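The values are calculated or read from the model by the stated rules, or taken from the named source; none is laboratory data. Just so you know, these numbers come straight off a predicted model, no measurement behind them. Here Cβ is always computed from backbone atoms with ideal geometry, including for glycine, and neighbour counts include all displayed protein chains. Note: accessible area is taken over every heavy atom of the protein model, side chains too, but ligands, DNA and RNA are not part of it. Shrake-Rupley method; radii C 1.70, N 1.55, O 1.52, S 1.80 Å.
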Amino acid sequence: MIAVMGASGHTGRAIAHRLLDEGEPVRAIGRSADRLDDLRRRGADLAIGDVADTTFLAGALGGVAATYALLPTDRTAPDYVERQHREGESIAAAIRRSGVRHVVALSALGTDRTSGTGLILGLRAQELRLLRLDDTSLMILRPVSFFENFLDAIDVIRRHGIVADGVSPDLPLPMIAASDIADVAAHALRTRAWTGVEVKELLGPRDMTWRQATHLIGMATGHPDLPYVQLPATDLIDALVADGLSRGFAEQYAEMTAAFNAGLVQPANGRTPANTTPTTFDAFVSAIGSVYHG
Ligand SMILES: NC(=O)c1ccc[n+]([C@@H]2O[C@H](COP(=O)([O-])OP(=O)(O)OC[C@H]3O[C@@H](n4cnc5c(N)ncnc54)[C@H](OP(=O)(O)O)[C@@H]3O)[C@@H](O)[C@H]2O)c1
């Protein structure tokens, strides 16, 4: 049995389906049985609860050979950092209590930095918690920016006719499909062919700028001249808050984009065949076109 946290999310759902495809028994963890119904119908065991509840999570991890460990991002929590700290502590405690021997944890590039990286600092803290576990083989996955983040742009395109963020328009960034992360994670969880600590940077097929991504999204949504607008930090924070996200989250997000712009988030040894993954943005963008027009 393999446990998957965040099994209704971008990476977790794809991981759970990959494992079921391979005939692996899966325990899908999340807060809503409805959102996990596709997995239940395929035979997955469901564990419904909050990862901040250590007793629940340790029970959900009981007897599993491996788990995918995902630190949730509650974008509306007013006490964003504190909430994530509680969830991270609980996840580490539950893994320790249940004695799971193989853990694949989703993190991010930039966790080598000790300050100034906003949201990435929460993932750094989680890496450090998991690294303190004894007798656990830990694989840390470090992507940069998911293609799926652009799904949030659809509403902004509809309402304002732009794509906006804090990242410099012409800054090349490694962007990746969540499904590529899932492939790596599912393979590791199934084979468990590593011991100790392994770190894998995952950079997608190529670096891409927000201006390039916006152009491709514009073509797919029928707005060939769709502009990308770089917002200053204060405007970015206000826009995110106006969209219902907490100020605590928005500030962390803005600090992360500033870190990208300052070149603070870099792969250890540049792009290599080992950290390059196959799914292209073109493949994703046709899906975004369908969502926009659907
Ligand atoms: N987006 C990026 O560009 C990027 C880049 C690098 C790293 N990351 C990291 O990737 C992670 C997010 O991964 P993702 O995109 O695959 O997930 P996601 O789509 O954001 O979904 C989050 C998942 O976690 C579950 N969840 C949320 N809060 C929970 C809680 N308190 N207890 C139990 N389950 C909970 C959600 O299910 P329910 O709501 O149904 O409970 C859902 O399945 C974050 O740690 C983020 O920092 C993201």
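In degrees from 0 to 90, rounded to the nearest 10, what is the angle of the helix 119-131 Cα long axis to the longest principal axis of the chain? Around 20 degrees separate the two axes. Could you give the distance between the Cα centres of the stretch 181-245 and the stretch 262-276, to the whole Å? Here the two parts' Cα centres lie 15 Å apart. For R211 and T276, FRET efficiency with R0 = 25 Å and r from the beta-carbon atoms, rounded to 0.05? Between T276 and R211 the formula returns 0.70. Please give the Cα centre distance for the stretch 134-149 versus the stretch 56-70, rounded to the nearest Å. So the two Cα centres are separated by 17 Å.
Computed from point charges on the beta carbon alone (+1 for Lys and Arg, -1 for Asp and Glu), the dipole magnitude for the chain about its Cα centre is near 640 Debye. If you roll a 1.4 angstrom probe over the protein chains with everything in place, what fraction of the accessible area of the stretch 146-237 belongs to carbon and sulfur, to the nearest %? So the carbon and sulfur contribution to the accessible surface is 54 percent. For the chain, the share of alpha carbon pairs falling in successive 5 Å distance bins from zero is 1, 6, 12, 15, 18, 18, 14, 10, 5, 1, 0 percent. In a fully extended conformation the segment linking I162 and I48 would gain 37.2 nm over its present Cα-Cα distance, using 0.36 nm per residue.
Out of all Cα-Cα pairs in the stretch 1-159, roughly what percent, to the nearest whole number, are more than 29 Å apart? For the stretch 1-159, the fraction of Cα-Cα distances above 29 Å is 17 percent. Among 100-113, 264-277, the peptide with the highest mean count of other Cβ atoms within 10 Å heads the list, and the full ranking is 100-113, 264-277.
Does anyone have the angle between helix 80-98 and the longest principal axis of the chain? Alpha-carbon axes, 0 to 90°, nearest 10? Roughly 30 degrees between the two axes. Using only alpha-carbon positions in the stretch 166-294, the gyration tensor eigenvalues give semi-axes of 28, 21, 15 Å once each is multiplied by 5 and square-rooted (largest first). Averaged over its residues, the chain has an accessible area of 44 Å² per residue, based on protein heavy atoms and a 1.4 Å probe.
Counting protein heavy atoms only, the stretch 31-79 has 45 percent of its accessible area on carbon and sulfur, 1.4 angstrom probe.
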